[in-house]
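Encoded as structure tokens, the structure appears first; notes follow it.
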Amino acid sequence: GATGYPQFTPDVFEKYATDADGDGRKDIWTSVPDAVASTARYLKGIGWQTNQPWGYEVQLPDGFDCSLEGPKSRMKISEWKKLGVRRVNKEGGKSPAFPDPDFLAQFMAPAGMTGPKFLVFENFEVFRRYNKADLYALFVGHLGDQIYCNGPKKKCNFKAAWPAKDHFNFSRKRICEMQIHLQRLNASDEIPDGLFGGKTRRGIGNFEKSIGRKTSCYPSKNLLKILQTKAK
């Protein structure tokens with residue numbers, strides 16, 4: 001049972017809970033200072049790198065292979081630059097230190113090629129150790145950027161828009177069906193679990209390349225129909 005504002009399990013509470021307001025109690029249930037300080041201590045304890053970003057939005061060259069997403073394709077920032085990946089420039093606001101060109105980064109496109117794309121670093125993985133969902137980690141990082149941004153124009157939002165829905169059913173059952181088809185067609189080695197993440201997006205990209213289709217790395221009703229036909 002996770003408990004309190006930060007949803008700590010008992011072992012995490014015993015190791016990281018902090019009395020930040022000085023009342024002699026480690027209270028993550030009603031004390032915001034204690035909860036925030038305890039969460040910060042926990043993040044630091046599981047690998048948070050001070051003065052480094054979690055990641056940043058990037059622009060991609062035409063024809064970029066979106067199946068490069070994920071930790072298996074992690075490489076230095078300098079190598080991503082050689083592939084034409086560039087950081088999106090944002091007006092206004094300070095940002096954490098720009099990573100060294102030798103920093104390792106992985107590519108992430110949570111909405112495929114039709115939405116915002118990112119290079120993410122170790123601090124992103126720290127967020128995922130707190131909660132394994134890609135979108136959770138992404139939006140916590142984005143919220144942090146918005147709090148940190150203090151420029152006159154405060155333009156800290158993603159430059160690329162989130163894609164419009166095509167009414168694809170993102171139910172666990174439907175995603176699991178897609179994962180099974182991708183596995184049968186040797187496009188993915190992911191164990192089907194119905195959870196949509198980077199492995200599924202990579203599998204979609206691999207399948208799209210195998211049939212000569214422009215890669216989107218994102219589910220659609222049309223793509224599911226093609227998978228159903230090919231997997232018969």
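Key figures
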read-out	value
Whole-percent carbon and sulfur share, accessible surface of the chain, 1.4 Å	53
Among Gly45, Gly212, Gly84: highest mean-square fluctuation, GNM of the chain, C-alpha pairs under 10 Å	Gly212
Inter-part distance where the stretch 30-64 and the stretch 154-232 are each reduced to a Cα centre, Å	27
Members of Lys82/Lys232; Lys132/Lys165; Lys82/Lys199; Lys132/Lys221 lying beyond 31 Å, as alpha-carbon distances in this model show	Lys82/Lys232
Solvent-accessible area per residue for the stretch 102-227 (1.4 angstrom probe, square angstrom)	53
Under 5 Å, built H, 5+ apart or other chain: amide partners of Glu57	Val88
Fraction of the pair-distance distribution of the chain above 27 Å, Cα-Cα pairs, percent	44
Partnerless Cys - the chain, beta-carbon criterion under 4.7 Å	Cys176
Principal-axis tilt of helix 32-45 within the chain, Cα atoms, nearest 10 degrees	60
Inter-site label distance for Ile180 and Thr30 at 7 Å from Cα along Cβ, in nm	5.1
Ranked order, Lys81, Lys132 - accessible area, probe 1.4 Å, largest first	Lys132, Lys81
Degrees between helix 172-184 axis and first principal axis of the chain (Cα, 0 to 90, nearest 10)	50
Potential lengthening between Lys132 and Gln228 on full extension [0.36 nm per residue; Cα-Cα distance subtracted]	31.6 nm
Shape call, the stretch 1-89: gyration tensor on alpha carbons, a/c limit 1.5	prolate
Extended-chain gain in nm, criterion 0.36 nm per residue less alpha-carbon gap, Asp189 and Lys209	5.6 nm
Sequence-separation-based contact order of the stretch 144-232, relative, with Cα cut under 8 Å and 6+ spacing, percent	23
Accessible-area order (highest first, 1.4 angstrom probe) of the listed residues Trp162, Trp54	Trp162, Trp54
Within a Gaussian network of the chain (alpha carbon springs, distance under 10 Å), most fluctuating of Lys159, Lys221, Lys117	Lys221
Antiparallel DSSP beta bridges within the chain, percent to nearest 5	90
Contour excess over end-to-end distance, with Cα ends at Tyr148 and Ala164 and 0.36 nm allotted per residue	2.9 nm
Area accessible to solvent at Asp19, 1.4 Å probe radius, in Å²	50
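The values are calculated or read from the model by the stated rules, or taken from the named source; none is laboratory data. All of these numbers come straight from a predicted model, not from anything done at the bench. Ideal geometry is used to build each Cβ from the backbone, glycine not excepted, and the neighbour counts take in all protein chains shown. Surface areas here come from the heavy atoms of the whole protein model, side chains and all, with no ligands, DNA or RNA. Shrake-Rupley method; radii C 1.70, N 1.55, O 1.52, S 1.80 Å.
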